[in-house]
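Remarks on the structure that follows.
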């Protein structure tokens, strides 16, 4: 069984999600320390952790064969990162608290991504 090659766009999406997670984590640890209260730092750390874990899930999803389930997994993980982590980053930096209503939508994206990934991984591998 050979891995499925990722498209250039999917490869860059994974790279963007992972690299920006590392950069945002470093930014939070060094530049924001002392400027944000404990609650805001907690939001920032949670956003970074979920972004990095789901960047790894995204990397797995782009290699999970072909088909609709794989496409759903990739899309759902990407949307989940933007909505979940993005809303937490925004709130940590002072966005209105109603941004917190966006966070669960990102969480739903993560759940959809994991279910779609399970479906994609459970399908038989096509012979090349």
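Taking the Cα centre of each part, how many Å lie between region 86-128 and region 1-47?
Cα centres, region 86-128 to region 1-47: 14 Å.
Just to be sure I understand the model, the point goes 7 Å from the Cα along the line to the Cβ. What's the resulting residue 111 to residue 22 distance in nm?
So the label points at residue 111 and residue 22 sit 3.2 nm apart.
Hey, got the Cα dimensions of the chain along the principal axes, in Å, largest first?
Each principal axis gives a Cα extent; for the chain these are 55, 27, 18 Å.
Label residue 68 and residue 31 with points 7 Å out from Cα along Cα→Cβ: what is the distance between them in nm?
The two pseudo-label positions are separated by 4.3 nm.
Ranked highest first by the average count of other Cβ atoms within 10 Å around their residues, in what order do 24-30, 79-85 fall? Could you put the intermediate results ahead of the total?
On the way: 24-30: 14.9, 79-85: 22.6.
In decreasing order of mean packing, 24-30, 79-85 become 79-85, 24-30.
For the pair residue 39 and residue 98, how long in nm is the line joining their label points, each one 7 Å along Cα→Cβ?
Going by the 7 Å Cα→Cβ label model, 1.8 nm.
Based solely on its DSSP helices, what 222 nm [θ] is calculated for the chain when runs of n ≥ 4 H residues each add -39,500 (n - 2.57) and the sum is averaged over all residues, nearest 500 deg cm²/dmol?
Details: 5 runs with 88 residues, N = 128.
-23000 deg cm²/dmol, from helical runs alone.
Just order 113-120, 58-65, 14-21 by mean Cβ neighbour count inside 10 Å, highest at the front, would you?
By packing density, highest mean first, the sequence is 58-65, 113-120, 14-21.
Calculate how steeply helix 38-62 sits against the longest principal axis of the alpha-carbon atoms of the chain, using the helix alpha-carbon long axis, and give the answer as 0 to 90 degrees to the nearest 10.
10
Which order do 91, 41 fall in if you start with the one that has the fewest other Cβ atoms within 10 Å?
Exposure proxy ranking, most exposed first: 41, 91.
If you build a Gaussian network model of the chain, linking Cα atoms that sit under 10 Å apart, which residue out of 53, 43, 12 swings the most?
Looking only at 53, 43, 12, the biggest GNM fluctuation is shown by 12.
Angle between the Cα long axis of helix 68-80 and the longest principal axis of the chain, 0 to 90 degrees, nearest 10?
10
Readers should treat all values here as calculations from the given coordinates under stated rules, not as data from a laboratory. Only a predicted model underlies this, so the values are computations on that prediction, with no experimental measurement involved. In this analysis, Cβ positions are derived from the backbone assuming ideal geometry, glycine residues included, and neighbour counts consider all displayed protein chains.
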